[in-house]
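Before anything else, here's the structure in question.
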Amino acid sequence: PIYVNVSNASQVNFNMEYVTINPAVDMIDHGGKTQTITMAPGVITDLQGTPYTGLTGTAYSFGVTDSSGPLIETYFPAQGATGVKSDTNITLSFIEEVQAGTGSIIFQTSGGAGDDRTYNFDVTGPEVTISGRDVKINPATPLLDTGGKVYTLRVNRGVLKDVMNNPHAGVFGSTYQF
């Protein structure tokens with residue numbers, strides 16, 4: 001919830017005929033959320049001091065257009081996990097439903113024993129399954145398991161997108177490694 005103090009002039013502006021509320025924090029717009037405004041009786045009064053009856057329940061609700069790209073909520077295996085089995089499926093769980101964009105999900109190995117490898121998984125290919133909020137990568141061959149390897153995820157902007165076609169910003173650097 002976002003709470004706004006009506007006496008905060010930077011967030012609430014009173015005009016003779018209306019009140020404008022501009023919260024310091026933006027409303028969540030992922031997944032086309034419905035916003036509901038509530039207000040206790042008497043929080044606002046008119047110029048004669050008559051209290052406004054307030055807003056309860058869903059008396060004042062509205063939708064916010066989804067204009068933000070989807071965000072990853074959880075990773076499996078967890079960020080920094082060690083001892084991950086080579087046949088493990090990798091799952092990215094988002095805060096809203098996602099779909100394929102264009103490009104590849106890439107894992108690059110580093111460190112440990114043996115040569116490093118790059119794994120490219122076409123987002124529309126058979127090794128990537130998208131179901132609701134989850135993107136599962138199921139490599140056709142086991143991941144390189146020569147000891148001490150670190151896997152780093154890279155996803156370029158737009159490889160994944162939400163159902164409103166807002167692109168995921170991508171994953172770069174050490175954001176997700178195991």
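The values are calculated or read from the model by the stated rules, or taken from the named source; none is laboratory data. What you are looking at is a predicted structure, and each value in this text was computed from that prediction instead of being measured. Every residue, glycine among them, receives a Cβ derived from its backbone with ideal geometry; neighbour counts consider all protein chains shown. The area values use the complete protein model at the heavy-atom level, side chains included, leaving out ligands, DNA and RNA. Shrake-Rupley method; radii C 1.70, N 1.55, O 1.52, S 1.80 Å.
Taking the criterion of being exposed (fewer than 15 other Cβ atoms within 10 Å of the Cβ), of a type in the set (Phe, Trp, Tyr) and closer than 25 Å to Gly31 by Cα, would at least one residue in the range 163-178 satisfy it?
Yes: the range 163-178 contains one or more residues that are exposed (fewer than 15 other Cβ atoms within 10 Å of the Cβ), of a type in the set (Phe, Trp, Tyr) and closer than 25 Å to Gly31 by Cα.
Taking the conditions exactly as written (touching a Phe, Trp or Tyr at 6+ places or on another chain (Cβ under 7 Å) and under 30 Å from Thr141 (Cα atoms)), does Ile72 satisfy them or not?
yes
Taking Ser68 and the conditions (1) open to solvent by 50 Å² or more (accessible area, probe 1.4 Å); (2) at pLDDT below 95; (3) over 14 Å from Tyr176 (Cα atoms); (4) among the polar types (S, T, N, Q), which numbered condition does it fall short on, given that it satisfies the others?
Status for Ser68: all satisfied but (1).
Still on this structure: Please pick out the residue among Thr53, Thr58 that is over 23 Å from Pro142 (Cβ atoms), in contact with a Pro (Cβ under 6 Å, 6 or more places away or on another chain) and open to solvent by 60 Å² or more (accessible area, probe 1.4 Å).
Thr53
Continuing with this model, one more query. Limited to the range 71-80, what total is found for residues that are open to solvent by 60 Å² or more (accessible area, probe 1.4 Å) and assigned to a loop (DSSP other than H, G, I, E, B)?
2
Another one. Looking at (1) open to solvent by 90 Å² or more (accessible area, probe 1.4 Å); (2) among the aliphatic types (A, V, I, L, M); (3) under 25 Å from the mean Cα position of the chain (by Cα), which is the one condition that is false for Ile90?
Of everything listed in (1) open to solvent by 90 Å² or more (accessible area, probe 1.4 Å); (2) among the aliphatic types (A, V, I, L, M); (3) under 25 Å from the mean Cα position of the chain (by Cα), Ile90 misses just condition (1).
OK, next. Do we have any residue at all in the range 120-136 that's assigned to a strand (DSSP E or B), in contact (Cβ under 8 Å) with a residue 60 or more places away in the chain, farther than 27 Å from Ile28 by Cα and in contact with a Phe, Trp or Tyr (Cβ under 7 Å, 6 or more places away or on another chain)?
No, every residue in the range 120-136 fails to be assigned to a strand (DSSP E or B), in contact (Cβ under 8 Å) with a residue 60 or more places away in the chain, farther than 27 Å from Ile28 by Cα and in contact with a Phe, Trp or Tyr (Cβ under 7 Å, 6 or more places away or on another chain).
Does the range 93-113 hold any residues that are open to solvent by 40 Å² or more (accessible area, probe 1.4 Å) and assigned to a loop (DSSP other than H, G, I, E, B), and which are they?
Ile95, Glu97, Thr102, Gly111, Gly112, Ala113, listed by residue number.
Sticking with this structure for a sec: So which pairs qualify, if the first residue must be in the range 15-35 and at pLDDT below 90, the second must be open to solvent by 90 Å² or more (accessible area, probe 1.4 Å) and of a type in the set (D, E, K, R), the Cβ gap must be under 8 Å, and the two must be at least 6 apart or on different chains?
Met27/Lys33; Gly31/Glu97
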